[in-house]
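Since the structure comes first, as structure tokens, the remarks are kept for the end.
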Amino acid sequence: MEWLFLTYNDIEAPLSTAFVLTVREPEATRVPAVAPWCQRRFAEAARVLDRHLAGRATLLDEGFGIGDITLGGILSWAHDDGALTSFPRLDAYRRVLLDRFAAERVYANDQPS
């Protein structure tokens, strides 16, 4: 459960905040100054995940689970945004998750990069 909290609060939240406030909002109401803070917050959490995944194939010792599914989807978004360039282990973990049969079925018509 702790990995789900970290995924949503510390990985997804800064990505979505940066996207909404620097891209999605109408140009007149965008807040580009928030981007560096979001990048730092994402990087702090990504470092925690990166250390945890060293030598591991999944988040939990019990094997593949909902935390991996959730994190894999969000890391795909981070990859598309260029946020994983400093975290090759997280990007490799993301690629392995996307190679799973279930992910192939989910993304059959819209495969993330």
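Residue-by-condition table, conditions (1) in contact with a strand residue (DSSP E or B) (Cβ under 6 Å, 6 or more places away or on another chain); (2) among the polar types (S, T, N, Q); (3) more than 23 Å from Val96 (Cα to Cα); (4) modelled with pLDDT of 95 or more:
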residue: Ala28; (1), (2), (3), (4): no, no, yes, yes
residue: Val31; (1), (2), (3), (4): no, no, yes, yes
residue: Arg47; (1), (2), (3), (4): no, no, no, yes
residue: Ala57; (1), (2), (3), (4): no, no, no, no
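Of the residues that sit in segment 88-113 and are surrounded by 14 or more Cβ atoms within 10 Å (Cβ to Cβ) and outside any helix (DSSP H, G or I), which one is modelled with the lowest pLDDT?
Pro112
List the helices (runs of 4 or more DSSP H) inside segment 1-87, counting only whole elements, that have at least 2 residues being surrounded by 12 or more Cβ atoms within 10 Å (Cβ to Cβ) and among the small types (Gly, Ala, Ser). Explain how you work it out, then say what you get.
On the way: elements: 2-6, 13-19, 34-53, 66-80.
It comes to 13-19, 34-53, 66-80.
The values are calculated or read from the model by the stated rules, or taken from the named source; none is laboratory data. Bear in mind that the values here come from a model prediction, so they are computed numbers and not experimental data. Every residue, glycine as well, gets a Cβ built from its backbone with ideal geometry; the counts of neighbours run over all protein chains shown.
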